[in-house]
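Colleague: Before anything else, here's the structure in question.
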Amino acid sequence: MDNKIDSVDEVLKRGREVISAEADALGQLALLLDGAFPEACAAINQVRRQLVVTGMGKSGHIARKVAATFAATGTPAIYIHPSEAGHGDLGMLSTGDVLLVFSNSGNTPELRAILSYARKKQIPIIGVAARRNSLLIDLADIQLLLPRIPEACPVSVAPTTSTTMQLALGDALAMTVMDLRGVSKNHLRALHPAGSIGLALAPVSEIMHGADRLPLVSEDAGMPEAISVMTSGCFGLAGVIDRTGTLVGIITDGDLRRRFGVLTTAFAREVMTQAPKVIPADMPAGEALVFLNDNKITAAFVVEDAEVGPRLPLGIIHIHDLLRHGLN
């Protein structure tokens, strides 16, 4: 092969060329977006039944992923293989749907049946293609044009740059529609109950150690009692509460070292660090892990609301609890 490469430097150079070419294509795609993009987002946002996504070949792989992204972010969506559509799967497409079609050339013959069916059923068609004069763009109600850019393939045949742009455009549509719908973290968690995403979105209140494990002492407690609570609690700290049960301070190993000379006679209120870092009970577990890491602490008390009202401790979370559940 004329384009064969055999040195490490050439391999690195070629890899960087491909990534740079595709990055440049995405920049051109962003600049090419026009009024058709908001139209497409509005049509998908207002879909009465579901979004149906289709495409053939490599465009089909992209279409399948885009459908999955929409479904995962609050928009009912399915993928239909265009060839299978012509053998009975057209029944999956119905009035109330929106059809999103990916095709680089816009003239993929396998798309003709599903496009014709959608036109007959007056189902809105969003077409994504690089050729303005093509079957898909002619039949589409909303036309999303890709810039005409050579593929990263050395002979410009293997879909590379074109599919990268299709994927990015699909993600842009899905994320924008997600924002239009006002999809919340709670909504996303309902759609992702399992796996690392579900865990990261789970509130800390579902993972924390509850009230029966709280290492708490009164602010008037002597330090021998506070140290006993610290060592028996397995968290390496003790929370200090006032007469109302409000968390007013925290005692850690660092506090003990700083006040080592008076530990036998001091009270908890004299050794504690005031206004400790706390975590609200509804904070997602993924954010809690970031919070602990950013503040360089291994554990924190969980309170009902960290910003409003008294800080009544509900539980405690240790960084090892989060790591043990699979967060990283």
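The values are calculated or read from the model by the stated rules, or taken from the named source; none is laboratory data. Keep in mind that what you see is a predicted model, and the values were worked out from it rather than measured. A quick note on method: Cβ atoms are made from the backbone with ideal geometry, for glycine too, and the neighbour counts reach across all protein chains shown.
Colleague: Step by step: first the residues of the range 270-296, then only those that are farther than 19 Å from residue 322 by Cβ and surrounded by 16 or more Cβ atoms within 10 Å (Cβ to Cβ), then the one that is modelled with the highest pLDDT. Which residue is that? Steps first, please.
Modeller: Residues of the range 270-296 farther than 19 Å from residue 322 by Cβ: 270-275.
Now narrow it down to the ones that are surrounded by 16 or more Cβ atoms within 10 Å (Cβ to Cβ): 271-272.
Numbers: 271: 86, 272: 89.
Out of the qualifying residues, it is 272.
Colleague: Hey, another quick one. Looking only at the range 114-159, count every residue that is within 18 Å of residue 53 (Cβ to Cβ), surrounded by fewer than 16 Cβ atoms within 10 Å (Cβ to Cβ) and not hydroxyl-bearing (Ser, Thr, Tyr) and tell me the total.
Modeller: The qualifying residues number 2.
Colleague: Residue 66 - would you say it is closer than 29 Å to residue 154 by Cβ, crowded, with 19+ Cβ neighbours inside 10 Å and either without any contact (Cβ under 8 Å) to a residue 40 or more places away in the chain or not polar (S, T, N, Q) (or both)? Steps first, please.
Modeller: Values: closer than 29 Å to residue 154 by Cβ: yes; crowded, with 19+ Cβ neighbours inside 10 Å: yes; either without any contact (Cβ under 8 Å) to a residue 40 or more places away in the chain or not polar (S, T, N, Q) (or both): yes.
The answer is yes for residue 66.
Colleague: Just to be sure, is residue 154 assigned by TED's automatic domain parsing to the domain that holds residue 30, out of contact with any Leu (no Cβ under 9 Å at 6 or more places or on another chain), at pLDDT below 90 and not in a helix (DSSP H, G or I)?
Modeller: yes
Colleague: Residue pairs, Cβ under 8 Å, 6 or more apart or interchain, first in the range 1-30 and more than 17 Å from residue 156 (Cβ to Cβ), second basic (Lys, Arg). List them.
Modeller: Filtered contacts from the range 1-30: 5/14.
Colleague: Give me the residue from the range 72-113 that is under 28 Å from residue 161 (Cα atoms) and free of Cβ contacts under 8 Å to residues at least 12 places away in the same chain and, out of that set, surrounded by the most Cβ atoms within 10 Å (Cβ to Cβ).
Modeller: Ranking the qualifying residues of the range 72-113, first place goes to 84.
Colleague: Oh, and also: Quick check: is even one residue across the range 253-273 under 38 Å from the mean Cα position of the chain (by Cα), among the hydrophobic types (A, V, I, L, M, F, W, C) and part of a strand (DSSP E or B)?
Modeller: Within the range 253-273, the first condition is being under 38 Å from the mean Cα position of the chain (by Cα), and the residues that meet it are 253-254, 273.
Among the residues that remain, those that are also among the hydrophobic types (A, V, I, L, M, F, W, C) are: none.
The answer is no, given that none of the residues of the range 253-273 is under 38 Å from the mean Cα position of the chain (by Cα), among the hydrophobic types (A, V, I, L, M, F, W, C) and part of a strand (DSSP E or B).
Colleague: Something else about it: Would you check if residue 229 is over 16 Å from residue 322 (Cβ atoms), assigned to a helix (DSSP H, G or I) and in contact with a strand residue (DSSP E or B) (Cβ under 6 Å, 6 or more places away or on another chain)? Talk me through it step by step, then tell me what you get.
Modeller: Working: over 16 Å from residue 322 (Cβ atoms): yes; assigned to a helix (DSSP H, G or I): yes; in contact with a strand residue (DSSP E or B) (Cβ under 6 Å, 6 or more places away or on another chain): yes.
Criteria met by residue 229.
Colleague: What are the residues in the range 201-226 that are buried (at least 18 other Cβ atoms within 10 Å of the Cβ) and either under 16 Å from residue 318 (Cβ atoms) or out of contact with any strand residue (DSSP E or B) (no Cβ under 6 Å at 6 or more places or on another chain) (or both), if any?
Modeller: Initially, the range 201-226 is screened for residues buried (at least 18 other Cβ atoms within 10 Å of the Cβ), giving 201-205, 207-209, 214-217, 221, 223, 226.
Once the filter is applied, which keeps residues that are buried (at least 18 other Cβ atoms within 10 Å of the Cβ) and either under 16 Å from residue 318 (Cβ atoms) or out of contact with any strand residue (DSSP E or B) (no Cβ under 6 Å at 6 or more places or on another chain) (or both), the range 201-226 yields 202, 203, 204, 205, 207, 208, 209, 214, 215, 216, 221, 223.
Colleague: Can you find a residue that is under 17 Å from residue 100 (Cα atoms), in contact with a helix residue (DSSP H, G or I) (Cβ under 7 Å, 6 or more places away or on another chain) and of a type outside the set (S, T, N, Q) anywhere in the range 42-50? Before the answer, list the steps.
Modeller: Here is the first cut: in the range 42-50, the ones under 17 Å from residue 100 (Cα atoms) are 42-50.
Filter once more, so that each one left must be in contact with a helix residue (DSSP H, G or I) (Cβ under 7 Å, 6 or more places away or on another chain): 44-45.
Okay, now just the ones that are also of a type outside the set (S, T, N, Q), so 44.
Yes, the range 42-50 contains a residue that is under 17 Å from residue 100 (Cα atoms), in contact with a helix residue (DSSP H, G or I) (Cβ under 7 Å, 6 or more places away or on another chain) and of a type outside the set (S, T, N, Q).
Colleague: Yes or no: residue 44 at pLDDT below 90 and not hydroxyl-bearing (Ser, Thr, Tyr)?
Modeller: Values: at pLDDT below 90: no; not hydroxyl-bearing (Ser, Thr, Tyr): yes.
Considered against the rule, which asks whether it is at pLDDT below 90 and not hydroxyl-bearing (Ser, Thr, Tyr), residue 44 comes out as no.
Colleague: Another question about this same structure. Among 69, 95, 54, which is among the β-branched types (Val, Ile, Thr), touching a helix residue (DSSP H, G or I) at 6+ places or on another chain (Cβ under 9 Å) and modelled with pLDDT under 95?
Modeller: One residue alone meets the criteria, 69.
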